[in-house]
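Okay, structure first, notes after.
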Amino acid sequence: MSRKAQHSVQPTTSTAVAAGVPGRNLGYPTPMIIQPRQLKARAIPQAPDPPFESTFSDFVQQHLAPLWPAEAVIRHHHQLLMDYIREPKALFIVRSVSGQKRGEAVTTLDGTKLLPSDNAPAWFWHSVMFNGLRFDRARFREFVQESPTHLFEVSRFQTVNTAGWHVAHILDAKDGNTSWETWNRQEAVRRFVRNIHPLNLFYVPKADWQRVGGDPELIGYVAWVYSELWPDMWAELTEVAGTQTLRPDAESRVLRIDAPSETSRSVALRGRGPSNRASWDFVLGARRSKPITAILSQHPAVEARTARLQEGLTLERFVALGDALYNKTRKSMLQKRAPENPRRQAEIAFDLLDAWITKTYSKPSGWTGAIKLLRDGADEGLDQVRDLDIHGLATSALRVVDGPYREANELGLT
């Protein structure tokens, strides 16, 4: 894409006005609420199916540009963000690290307030802006504080993820520094802006998203596109978030995503591919806890026992945990072993889970099929699972049974 042609790639216009956000109630008399219908005013273009091949320039023009919110909306939110980060009592949404839990606000040693999250705010903020929703300054603070911090909190909304896209970052939202207590305000601002600013985000098909979204040449090219289209906002963004190497020379590079593996193709040849039940969105999308969690939560050291299950958690162990919860710790089984003694039932259940989670599946089965179905996106999915409490951990593991395991059996995928 030439520099001259680059300036012809412009987002669409929009005149939509204010709305609100679902989430935690932080004491406001009239909590802001956004309904799913409000995020369907514009249909989000679907990601291309693999196999897919395109130059970086064509990818930006044909696929990335249609995903941009209207320029007026981008500018509106950019200015609100730049004003917000200067507020003395600002709360900064940052990607969670070890020792934090998504959605639970924490304070650093210098008094800076953090709200840990996964990629949910990036999904949600894009959908809000893409649909032209804006806030005045008085409401923007509330919008930040009530933004979803878990992916399952945005599962009921239309987002780029439901359209088959992964939200990638130009400047990394995480950098390996987990000593969050020592982060100062400047560090918190940097992480906050990197986490959710629209000019630090771009979108790649979920197929092979880790490789494509992490390609330094594609990242550098998209960064150059943004810097050319919106030089004033880009300058303000990089002043607080850091700089990125720009790669205008990469416009002719080829983005290539191969066709699905033989395993995936054989599934499709049976008549249909995996459904939404076979996804991490389904596994992590529960609206209520499974009944077994009421028993497990009775353990006197429930947090320590939960952490033990999450330590060294792999996809195989997570599937084995679902297997154990479904087949070894049913309420009727525990009641038989410790009648009318919930605390003892919890101890028995955790001991069984500890023993069963190391199970390996040597023979093809619905469990090995579930592992195959969840392989895509496993790193990000497991990253979320490791931060869940026992209610979320056990519920998501049991949803492996409800979704991927049953889907694998129906498809004959083992």
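The values are calculated or read from the model by the stated rules, or taken from the named source; none is laboratory data. As the structure is a prediction and not an experimental result, all values here were calculated from the model. Heads up, the Cβs are rebuilt from the backbone with ideal geometry, glycines too, and the neighbour counts pull from every protein chain shown.
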>> Can you pull out every residue in the stretch 271-285 that is surrounded by 12 or more Cβ atoms within 10 Å (Cβ to Cβ) and modelled with pLDDT under 55?
In response: G273, P274, S275
> Name the pairs: first residue in the stretch 119-140 and without any contact (Cβ under 8 Å) to a residue 60 or more places away in the chain and of a type in the set (S, T, N, Q), second residue assigned to a helix (DSSP H, G or I) and buried (at least 24 other Cβ atoms within 10 Å of the Cβ), Cβ to Cβ under 6 Å, at least 6 apart or on different chains?
Replying inline: none
> Within the set of pairs 6 or more residues apart or between chains, which connect a residue that is touching a residue at least 12 places away in the same chain (Cβ under 8 Å) and at positive phi inside the stretch 401-414 to a residue that is of a type in the set (D, E, K, R) and outside any helix (DSSP H, G or I) with Cβ atoms less than 9 Å apart?
Replying inline: G412/R270
>> Considering only the stretch 36-48, I want to know if a residue exists there that is assigned by TED's automatic domain parsing to the domain that holds V212, over 19 Å from F124 (Cα atoms) and modelled with pLDDT of 90 or more.
In response: yes
> Does D118 qualify as being closer than 26 Å to Y221 by Cβ, among the acidic types (D, E) and either modelled with pLDDT under 95 or out of contact with any strand residue (DSSP E or B) (no Cβ under 7 Å at 6 or more places or on another chain) (or both)?
Replying inline: no
>> Out of everything in the stretch 174-201 that is out of contact with any Ser or Thr (no Cβ under 9 Å at 6 or more places or on another chain) and assigned to a loop (DSSP other than H, G, I, E, B), what residue ends up being surrounded by the fewest Cβ atoms within 10 Å (Cβ to Cβ)?
In response: G176
> Is there a residue being modelled with pLDDT under 85, of a type in the set (D, E), under 24 Å from G164 (Cα atoms) and not in a helix (DSSP H, G or I) anywhere in the stretch 214-231?
Replying inline: no
> V60 versus (1) part of a helix (DSSP H, G or I); (2) surrounded by fewer than 21 Cβ atoms within 10 Å (Cβ to Cβ); (3) β-branched (V, I, T): which is the lone unmet condition?
Replying inline: (2)
>> For the stretch 205-247, give me each residue that is free of Cβ contacts under 8 Å to residues at least 40 places away in the same chain and among the aromatic types (F, W, Y).
In response: W224, W234
>> Is it the case, given these coordinates, that G369 is under 25 Å from the mean Cα position of the chain (by Cα), buried (at least 20 other Cβ atoms within 10 Å of the Cβ) and closer than 21 Å to A278 by Cα?
In response: yes
> Among W180, W209, W234, which is the only one that is farther than 27 Å from A105 by Cβ and at pLDDT 90 or above?
Replying inline: W234
> Looking at T293, is it in contact (Cβ under 8 Å) with a residue 40 or more places away in the chain, assigned to a helix (DSSP H, G or I) and touching a His at 6+ places or on another chain (Cβ under 8 Å)?
Replying inline: yes
>> If I ask for residues that are surrounded by 20 or more Cβ atoms within 10 Å (Cβ to Cβ) and either over 26 Å from the mean Cα position of the chain (by Cα) or assigned to a helix (DSSP H, G or I) (or both), which ones from the stretch 235-249 would you list?
In response: L237, A241
